[in-house]
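Heads up, the thing below is written out as structure tokens.
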Amino acid sequence: MSRPKISLIGGGQIGGNLALLAAQKELGDIVIFDIPKVEGMVKGKALDLMQLRPHDGYDANITGTSDWNDVKDSDVFIITAGIPRKPGMDREDLLEINLGIMKDVAANIKKQAPQSFVIVISNPLDAMVYAFYKVSGFPKNQVVGMAGALDSARFRTFIAMETGLSVQDVTCMVLGGHGDTMVPITRLATVGGVPVTDLISAERLAEIEHRTRFAGGEIVKLFGNGSAFYAPAQSAIEMAESYLRDKKRVIPCASLCTGEFGIDGYFIGVPTVIGTGGVEKILEFQLTDDEQVELNNTLEVVKKTVKETGL
Ligand code: APR
């Protein structure tokens, strides 16, 4: 049986780290695709990564290309193609340029690998994953957006930093759109099963929620010329691994809702089961009235951006 084939569309900051992490987890053979202008860069990254493997003995073949034929019959795609934010920009400011790129990418993936599982990372995320879905015509279980996994990891990080306890034992989820209106479900956050509301004051928790909502922007400001890449890459790799190894992990992902949480026809962050069937299930649960109001609010923001795609 041959190894799975994972194609990374966009070989920039996130793309390079996706390749590294996928190789280290031995998820399969990896193709890094980018535009002809930077073909040398992705070929170079691929060679560099090939030469990293002997120390720990990762068996993965890594190549760089700008030829769509090379991604033929891939099992998984992870899309980061597009431009990242600069200081002062919202994710929505990327829409026009990244939408054009996403349309091109979706048409090519449909042609090369219509059975594949596709994880979208490009921003504005909720609109980009919608655009991929519409243009490709893929079934809804084959398309998912990476956002909640990252936003939840950020929330977990800040809770661990606040309590001084192991990040491994912090469980929580952030739902909704991948923007400042995202919804941290603090009520259900725990450290080793103990509710965070018993460990951290309400005032500090509100500050942590705020930092989580703006965590991407905090990094954009520090970098000065791009956005986060290590944690976004790791978050998407967790999703790819759950698919390839049928782990059935429950990860907050931008999945197409068809009535769940009162949302219909939009991709938005909800607890999602990922396994061999792709997006196998959305785990719906009872929100409080306040949480539902916040979710409806974030949905309106997503709807507005999706409308601007004209799709
Ligand atoms: N096909 C393939 N790759 C493309 C295309 C295209 N049509 N257009 C641009 N790219 C490539 C760029 O050449 C670049 O190498 O996408 C890559 C993006 O990499 P970076 O600029 O380093 O951006 P990165 O930090 O990886 O973020 C990518 O993810 O989180 C989001 O907001 C972020 O939309 C951005 C995306």
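The values are calculated or read from the model by the stated rules, or taken from the named source; none is laboratory data. Note that this is a predicted model, so its numbers are computed, not measured. Positions of Cβ are backbone-derived with ideal geometry, glycine not excepted, and every protein chain shown enters the neighbour counts. The area values use the complete protein model at the heavy-atom level, side chains included, leaving out ligands, DNA and RNA. Shrake-Rupley method; radii C 1.70, N 1.55, O 1.52, S 1.80 Å.
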Inset, instruction - Work through the residues other than residue 249 whose Cβ is under 11 Å from its Cβ and net out their charges, Lys, Arg +1 and Asp, Glu -1. - result: -1
Inset, instruction - State the dimensionless ratio Rg/Rh of the range 148-309 (Rg: radius of gyration of Cα atoms; Rh: Kirkwood radius). - result: 0.95
Legend entry - Net charge of neighbours whose Cβ lies under 14 Å from the Cβ of residue 21, counting Lys and Arg as +1 and Asp and Glu as -1: -1
Inset, instruction - Using a 1.4 angstrom probe, figure out how much accessible area the chain has per residue, in square angstrom, rounded to the nearest whole. - result: 44
Inset, instruction - Hey, could you grab the Kirkwood Rh for the range 5-145? Inverse mean 1/r over distinct alpha carbon pairs, Å, one decimal. - result: 15.1
Legend entry - Rg and Dmax of the chain, Cα atoms only, in Å: 18.7, 55
Inset, instruction - Express the carbon and sulfur contribution to the solvent-accessible surface of the chain as a percent, rounded to the nearest whole number, probe 1.4 angstrom. - result: 51
Legend entry - Residue pairs, from the table 45/221; 247/307; 25/281; 25/111; 37/140; 43/304, whose Cα atoms sit over 30 Å apart: 247/307; 37/140; 43/304
Legend entry - Euclidean distance of C-alpha centroids, the range 264-311 and the range 46-79, integer Å: 32
Inset, instruction - Counting only C-alpha contacts under 8 Å and six or more residues apart, can you give the relative contact order of the chain as a whole percent? - result: 17
Inset, instruction - Net charge near residue 75: determine it from the other residues with C-beta under 13 Å of the C-beta of residue 75, scoring Lys and Arg +1 and Asp and Glu -1. - result: 0
